[in-house]
Amino acid sequence: MSATRRHSFITSVGDLLASWNLPHATGRVYGLLLVTEEPASLDAIAAELGLSKGAVSTAVRQLDSWGLARVIPQPGSRRLLIEATAGIESLLAASHARARTLIAALRDGEDLVGPGPAQERLRDVIGLFSGYVDVGDQMLSTSRRQRREPGARDPRP
């Protein structure tokens, strides 16, 4: 992968995760970890991304809490190595939990409106978020099943 494509990928992941309310730096660190073959040190991550070591440390803590990165202590050293995990499921599960909370709040509002445009609009929004959660849950279930079943076929074309 060329340096330009690598940089573009890392920036894109940062932008996408920022849209999920994670700091842009956290997304960039995750993007870098995804395309780095070996676990990386905080110093190496900071140098490649042009971030402070403190910003990288904060990003790594966030990624670790979401299950998107793993911190590997080095015996006899204060140095830590970090690697991406296949934990995108944690991020999606958390997103689904927020969507379920929104759905419950919207359903609480259903009795505030009578038949008409407001009721239709509310039901459409509830349906949209319910569909998002249902499809996402199906995808996560398929992904988990494929990892457990050796030789399982990837359903993507």
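Only one of these conditions is not met by Leu102: (1) of a type outside the set (Phe, Trp, Tyr); (2) under 22 Å from the mean Cα position of the chain (by Cα); (3) within 30 Å of His7 (Cα to Cα). Which number is it?
(3)
To keep it simple, each residue is scored yes or no on (1) of a type outside the set (Lys, Arg); (2) more than 17 Å from the chain's Cα centre (by Cα); (3) under 27 Å from Thr142 (Cβ atoms).
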position: Ser12; (1), (2), (3): yes, no, yes
position: Leu32; (1), (2), (3): yes, no, no
position: Arg70; (1), (2), (3): no, no, yes
position: Pro73; (1), (2), (3): yes, yes, no
position: Arg78; (1), (2), (3): no, yes, no
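Collect the residues in the range 116-157 that are charged (D, E, K, R) and at pLDDT 90 or above, keeping them in residue-number order.
Those that are charged (D, E, K, R) and at pLDDT 90 or above: Glu120, Arg121, Arg123, Asp124, Asp134.
What's the total number of residues in the range 115-134 that are outside any helix (DSSP H, G or I) and open to solvent by 40 Å² or more (accessible area, probe 1.4 Å)?
Qualifying residue count, the range 115-134: 1.
The values are calculated or read from the model by the stated rules, or taken from the named source; none is laboratory data. Keep in mind that what you see is a predicted model, and the values were worked out from it rather than measured. Cβ coordinates were reconstructed from backbone atoms using ideal geometry, including for glycine residues, and neighbour counts include every protein chain displayed. Surface accessibility is based on the protein's heavy atoms, side chains included, excluding ligands, DNA and RNA. Shrake-Rupley method; radii C 1.70, N 1.55, O 1.52, S 1.80 Å.
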